[in-house]
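Read the structure below first, then the notes.
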Amino acid sequence: MKLLLFRVWNYLRGYVIIIVEGFFIEKFINICARRNIFLWDIRMQNERLVTMRTTIKGFKKMRPAARKAGCKVRLLKKTGLPFVFNRYRRRKAFFAGAVLFIVLINLLASFVWSIEITGNKELQTEFIEDALSRHGIKAGAFKYRIDTDSAVDKMMMEIGKLAWISINLKGTKVRVEVRERRDLPQIVPRHVPCDIIAQKDGIITQIVAKAGMEAVKEGDTVKKGQVLISGSIPVKGSDKSRLVHAMGTVNARTWYEEEVPVILTKTERIRTGKVIRDSSLILFSWKLNIVRSKNRFKDYTSEESRKKLTIGDNLVFPVEWETISYYEEKTVEANINEEDAKKKAADEAYEKALEQVPEGAIVAGENVVFIQDNDVLTARVTLECIEDIGMSRQIGGN
Amino acid sequence: MAKSNAKRKNKSEQNKADNKKGFKEKFTELLELPKELVLDRPKLTMIGRNDMMIENYKTVLEYGSGRLRVKTGSGILRITGDSLMIREISSEDIIISGTIHTLEFTDAG
């Protein structure tokens, strides 16, 4: 380790390899040591020939020592950074370029170039981006002027849907992580009188009222919004009615239906294997076409891929390499076995219908029918479910 | 004692330095000072038989790939070996690498 450091240090400072020739090489070495001319890697080549290394400064002080010892000193090799610099000293443009490069990198690295938003489900990414840009966080913003803490506070105040947000500035990338708040379910307080109404259409299979009066019977068909358990109980012998907070469960049969057409012919697009690639360089929003081909295919699809210039994960520069690949394609038609096509459509419809079924509902039955309408065969899947359709609604309110 | 006067004198001086501890040496031992600095003795550090550092040397008397002679405060140190190389030399220390066979001290003069 020490040796490595020593070598690096010597390389940075620059050193020379010299050949010393003479009868009194020991004398030469002693004089050098006494005059603080640092020597290393002294190797005997033969009786009168020794190679050694010394610093640039040492080499300059060496001449009188060599004369005193009666030795001849020849320079064999110059090594190290000072010599490299020396070689390029006259190339002003090269140095200007190097300096410009460093300045440019630093300059570009002090701007925000990309914003990454994660964790949003219902909030649109664009919406968050808009809100961020209002607080100065946007692509192209000067990095050091961004106050992430105050932006976090403001975002939290502005967007009620946010439960939590973190804004991290790393390199030229801003990482925004959000968590959304779930809307509170509307709960009618217990002391407020309410009815229980139907959330959706269905046929009542079971009704149990803990408080309030049943307004429908088992087997009744109800419509959305219909009162199932009434919170207003008429008082005998009076026109008035007593208001209560109705409670209970109302299970009903509900149906979810989905249709998917059966496709009997399959059109497949096959790539012929021919491909043309266009490349362009994008600086900021300025595009420079590097490769641009004229002849296009008649039938093709294009794929665009962009590569951003990044150093590590966090340093992103506004330089992009865009490649558009044009793949020639042709359409191939094939007939599908009718049974397979039907099954596929039915499966698809079933999946779709299942998506509609809310949580807590039990699927009691399913029914698949194929409907021939003109030329189109359609698979219809009906799922029969049993679920609690009751929902509280305040009496007099809403 | 058939030896010459001068030689006897030299020998006695050497004995004196070796056997009788001088005031200076006693003093340094008492105060636990580094001997190589106060008494002008060399400090030899060897790692295996390939690397050696001689601190506080005086001059290099002879250098060859098979033999190295260094004058020190404790006499002349003669090192023999194969492909001996002076890895570093400054006014205070020498670092040698190569395969070392023998180390030998002989009296100066």
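Things to note:
- Computed over region A:2-85, the percent of Cα pairs more than 20 Å apart is 29.
- Each part reduced to its alpha carbon centroid, region A:139-160 and region B:22-47 end up 68 Å apart.
- DSSP-loop chymotrypsin sites (Phe, Trp or Tyr not before Pro) across region A:206-314, with at most 16 other Cβ within 10 angstrom: A:Phe284, A:Phe297
- Whole-percent carbon and sulfur share, accessible surface of region B:40-106, 1.4 Å: 47
- Where only DSSP H runs of four or more residues are counted, the protein assembly as shown gives -8000 deg cm²/dmol as its mean residue ellipticity at 222 nm, each run worth -39500 (n - 2.57).
- All aspartates and glutamates inside 19 Å of A:Lys298 as judged from Cα atoms, apart from same-chain residues fewer than 8 positions distant: A:Glu268, A:Asp278, A:Glu328, A:Glu329, A:Glu333
- Charge tally for A:Val381 (other residues, Cβ to Cβ under 13 Å; Lys, Arg +1; Asp, Glu -1): -4.
- Angle in degrees between helix A:125-134 and the longest Cα principal axis of chain A, rounded to the nearest 10: 60
- Figure legend: label point modelled 7 angstrom from the Cα of B:Thr102 along Cα→Cβ; residues of region B:69-92 with amide N under 11 Å from it are B:78-81.
- Å² per residue, accessible surface of chain A at 1.4 Å: 66
- A dipole drawn for the protein assembly as shown from +1 and -1 charges on Cβ atoms has a positive end, and of A:Ser392, A:Val369, A:Ala93 the residue lying farthest that way is A:Ala93.
- Here chain A was treated as a single set of alpha-carbon atoms; its pair distances binned every 20 Å from 0 give 15, 22, 28, 17, 10, 6, 1 percent.
- Segment A:Lys236-A:Lys161, extension gain: residue separation times 0.36 nm, minus the distance between their alpha carbons: 22.1 nm
- Unit charges at the beta carbon, dipole of the protein assembly as shown: most positive-side option, B:Ile94, A:Thr378, A:Ile197: B:Ile94
- Surface burial for B against A, with a 1.4 Å probe and both sides summed, reaches about 1400 Å² of accessible area.
- Against chain A, whose longest principal axis comes from its Cα atoms, helix A:25-34 is set at around 60 degrees.
- A:Arg7-A:Lys77 pseudo-label distance in nm [points 7 Å out on the Cα-to-Cβ vector]: 1.2
- Taking Cα centre as origin and charging only the Cβ of basic (Lys, Arg, +1) and acidic (Asp, Glu, -1) residues, the dipole magnitude of the protein assembly as shown rounds to 6900 debye.
- Pairwise centroid distance, computed over Cα atoms, of region A:165-187 with region A:23-95, Å: 64
- Calculated SAXS-style log₁₀ I(q)/I(0) at q = 0.17, 0.22, 0.23 Å⁻¹ - region A:252-362, Debye, Cα scatterers: -0.86, -1.14, -1.20
- Rounded tilt (10° steps) of A:2-13 against the dominant C-alpha axis of chain A: 70
- Computed from backbone phi, the HN-Hα couplings of region A:208-216 come to 10, 9, 8, 9, x, 10, 5, 9, 10 Hz, rounded to whole numbers (Karplus: 6.51 cos²θ - 1.76 cosθ + 1.60, θ = phi - 60°; Gly and Pro given as x).
- Here, P(r) means the percent of Cα pairs in each 10 Å bin from 0 to the largest distance; for region A:158-277 it is 10, 21, 16, 14, 17, 11, 7, 2, 1.
- Net length gained if the chain between A:Leu309 and A:Glu333 were fully extended (0.36 nm per residue, minus Cα distance): 4.4 nm
- Extending 7 Å from the Cα toward the beta-carbon at both A:Arg393 and A:Leu264 defines two label points whose distance is 4.8 nm.
- Prolate/oblate/rounded call for region A:217-288, Cα gyration tensor, a/c under 1.5 rounded: oblate
- At a threshold of 20 Å², the residues of region B:40-86 that become less accessible to a 1.4 Å probe in the full protein assembly than in their chain on its own are B:Thr59, B:Val60, B:Tyr63, B:Ser65, B:Met85, B:Ile86.
- Additional length obtainable on full extension of the chain from B:Asp93 to B:Leu37, 0.36 nm per residue less Cα span: 18.9 nm
- For chain A, leaving out every one of the GluC sites (Glu not before Pro) that falls in a DSSP loop and has at most 16 other Cβ atoms within 10 Å, the longest unbroken run is A:219-358.
- Look at where the Cα atoms of region A:220-243 and of region B:55-109 average out, and the two centres are 115 Å apart.
- Taking only Cα atoms of region B:40-106, radius of gyration then Dmax in Å: 10.4, 29
- Inter-site label distance for A:Phe297 and A:Thr249 at 7 Å from Cα along Cβ, in nm: 6.0
The values are calculated or read from the model by the stated rules, or taken from the named source; none is laboratory data. Because the structure is a prediction, the values reported are computed rather than measured. Note that each Cβ is placed from the backbone with ideal geometry, even for glycine, and that neighbours are counted across all protein chains shown. In case anyone asks, the SASA skips ligands and DNA or RNA and just uses the protein heavy atoms, side chains included. Shrake-Rupley method; radii C 1.70, N 1.55, O 1.52, S 1.80 Å.
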